[in-house]
1. Outside any strand (DSSP E or B), surrounded by fewer than 16 Cβ atoms within 10 Å (Cβ to Cβ) and over 15 Å from the mean Cα position of the chain (by Cα): which single residue out of ALA262, ALA267, ALA222 fits that description?
2. When you look at ASP149, is it touching a residue at least 40 places away in the same chain (Cβ under 8 Å) and surrounded by 15 or more Cβ atoms within 10 Å (Cβ to Cβ), yes or no?
3. Tell me, yes or no, whether segment 175-191 has at least one residue that is under 21 Å from GLY51 (Cα atoms) and at pLDDT 95 or above.
4. Can you tell me how many residues within segment 193-219 are in a loop (DSSP other than H, G, I, E, B) and either free of Cβ contacts under 8 Å to residues at least 24 places away in the same chain or out of contact with any Asp or Glu (no Cβ under 8 Å at 6 or more places or on another chain) (or both)?
5. Do the conditions hold for THR155, that is, is it touching a strand residue (DSSP E or B) at 6+ places or on another chain (Cβ under 6 Å), β-branched (Val, Ile, Thr), at pLDDT below 95 and closer than 25 Å to THR24 by Cα?
6. For residues that are out of contact with any Phe, Trp or Tyr (no Cβ under 8 Å at 6 or more places or on another chain), among the hydrophobic types (A, V, I, L, M, F, W, C) and in contact (Cβ under 8 Å) with a residue 40 or more places away in the chain, tally how many sit in segment 106-140.
7. Quickly run through segment 146-180 and pick out the residues that are out of contact with any Gly (no Cβ under 7 Å at 6 or more places or on another chain), part of a loop (DSSP other than H, G, I, E, B) and under 19 Å from GLU134 (Cβ atoms).
Amino acid sequence: MSRIAARFAALKREGRAALVTYLTAGDPDAATFARLLGGLPAARADLIEIGMPFSDPMADGPSIQAAGLRALRAGMDLKKTLGLVRDFRGGDAATPIVLMGYYNPIYRYGVAKFLAEAKAAGVDGLIVVDLPPEHDDELCRPARAAGIDFIRLATPTTDDARLPAVLTNVSGFLYYVAVAGITGTRSAASADVAAAVARLRRHTDLPIAVGFGIKNADQAAAIARVADAVVVGSALVDRLAANLGQPSLVDAVLADVAALAAGVRGARR
């Protein structure tokens with residue numbers, strides 16, 4: 001069983017949703033990011049998404065765009081991102097790690113080389129937002145063959161006719177983007193998310209994670225009552241940006257993670 005499947009199975013037995021946190025690799029620099037990454041499990045993040053910095057992140061809003069630029073200016077690249085995962089695995093063999101980003105850096109790195117090194121480093125899943133199912137032979141199928149889950153996005157505009165294609169070859173979980181548009185903008189109404197999750201469950205047995213626009217513990221708890229996982233990214237990146245240059249940066253971000261985790265863990269009580 002993969003780490004992702006094992007984690008969701010354990011959480012199902014506990015009767016609660018997962019907290020999935022997102023930060024951009026190397027933001028604001030490699031050393032600080034490594035401290036953040038190492039602290040996430042103790043702050044009770046259940047799964048960790050790591051953004052692969054890219055110069056043209058078309059699905060991301062200003063916060064994550066800025067994070068990627070900070071990381072790139074600090075010298076982060078795909079090889080160093082894999083190194084950060086490998087170093088994390090030296091102290092944590094259980095927490096699932098998902099890399100999220102765009103195909104261009106992987107294509108330039110070389111798909112076969114990337115997948116082999118990602119698997120060896122301890123990467124469990126990939127979310128590549130600009131590869132639709134029609135291009136599964138590019139990365140999705142090779143990733144699955146390498147033992148890495150390939151996670152796809154569904155959106156409010158993904159109708160019942162499109163869903164079967166979206167779900168083909170997908171594993172790990174399905175990521176529901178709760179609002180149409182870029183990251184870090186508006187939030188979706190809980191009732192709309194509940195209806196969307198119910199519809200998605202009619203098409204798949206995969207765990208359903210919900211993200212985009214979730215900013216605080218109350219919003220996270222509301223989503224955790226209806227979904228299998230809550231994804232928070234821009235709010236954490238904003239906290240990081242607000243503390244740039246401060247010795248409190250790592251503690252401030254991890255305190256937010258702990259608050260979000262408390263909301264998610266208490267949501268169904």
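1. After applying the criteria, what remains is ALA262.
2. So ASP149 passes the test.
3. yes
4. So the count comes out to 9.
5. Taking the combined requirement at face value, the residue satisfies it.
6. 1
7. Once the filter is applied, which keeps residues that are out of contact with any Gly (no Cβ under 7 Å at 6 or more places or on another chain), part of a loop (DSSP other than H, G, I, E, B) and under 19 Å from GLU134 (Cβ atoms), segment 146-180 yields THR155, THR157, THR158, ASP159, ASP160, ALA161, ARG162, THR168, ASN169, VAL170, SER171.
The values are calculated or read from the model by the stated rules, or taken from the named source; none is laboratory data. These figures come from a predicted structure and were not determined experimentally. In this analysis, Cβ positions are derived from the backbone assuming ideal geometry, glycine residues included, and neighbour counts consider all displayed protein chains.
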